[in-house]
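Below is one structure, written out as structure tokens, with a few remarks after it.
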Amino acid sequence: MMNEVFFAAHVGNVIRICALVFLGIPLVSWGSGFFMALCKKRLSQHVGIIVGHFIFYGGLLFIAVTVLHELGFNVAALLGAAGVLGIAIGFASQTSVSNIISGFFLLIERPFLAGDLIKSGDVVGIVESIDLLAIRVCTLDNKMVRLPNEMVLKNSLANLTYYSIKRVDCIVSISYVTDMAWTMNAIHEVIKKNQLFLIDPAPVVMVNKIAQPELSNETRLFFTVRVWVTKDKFSSAPSVLMQQLKSEFDKDNSIITVVQVNG
């Protein structure tokens, strides 16, 4: 009788372990994917990734602990030992812990999302993914750069696509003898003819200074040109502005020099 009871108990343990492994793991995987997609749709891709990972690894941990319990291990003792080991690992990996904490601060503040163009330090690129330890950025020359969360949180950060429109600043110079009113009108005409540049906010053309360039004795007029474009056109706008200004002044054989373009 005792053997039958013992055998039945072991069969029950095996059935529960098999159910946990063969049903629990697919269920955890499905649940993490479902809530990841839901959070990406309702909140952001960043939140979706974090929630999905949390549910997946938390579910696997729960299954592992339950399986150990079914196998007869003292789970309380194991968790205690794991806690001591976790403290030791925590002291040995303070940087990783700091990155995880910084990642949660970035999650709460949400200064950028996946797909945004950011500048952090000397790195400029599009955010591909936001993970617990680091941010993966694809630079404009197609390189993958890994930015630790702690570094991103500590350093200054510019989100270049946060707002829907951006301003392009251009400084040009032209001969001193050229009529200022004619020059300003010609620049306005170039801007007006191209739908790339927005009407609102209004473009600005103004005299910047009258000076002699370095290594030259010629006095020239310097103009500041400011135009606004939608963020998806920002990368091409400076080049278009320079080309069209030159083409316009070439019609009257006027020599125009582009001194600086800022975006």
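Please treat every number below as a calculation from the coordinates, not as lab data. It should be emphasised that the depicted structure is a prediction, and the values quoted were computed from it without experimental measurement. Glycine gets a Cβ as well: all are built from the backbone with ideal geometry, and neighbour counts include every protein chain shown.
Test I191 against the criterion of being out of contact with any Asp or Glu (no Cβ under 6 Å at 6 or more places or on another chain) and assigned to a strand (DSSP E or B), and give yes or no.
No: the conditions fail for I191.
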Q: Could you please find all residues in region 95-148 being under 20 Å from Y162 (Cβ atoms) and in a loop (DSSP other than H, G, I, E, B)?
A: R110, P111, F112, L113, A114, G115, D116, G121, D122, L140
(Q) Checking the structure you have, find out if any residue of region 168-186 is in contact with a Ser or Thr (Cβ under 8 Å, 6 or more places away or on another chain), farther than 30 Å from R220 by Cβ and not aromatic (F, W, Y). (A) no
Q) Name the pairs: first residue in region 194-207 and in a strand (DSSP E or B), second residue aliphatic (A, V, I, L, M), Cβ to Cβ under 7 Å, at least 6 apart or on different chains? A) V205/M184; V205/I187; V205/V225; V207/M180; V207/L221
Q. Here are some residues: N155, N142. Which one is among the polar types (S, T, N, Q) and either surrounded by 14 or more Cβ atoms within 10 Å (Cβ to Cβ) or more than 21 Å from K231 (Cα to Cα) (or both)?
A. N155
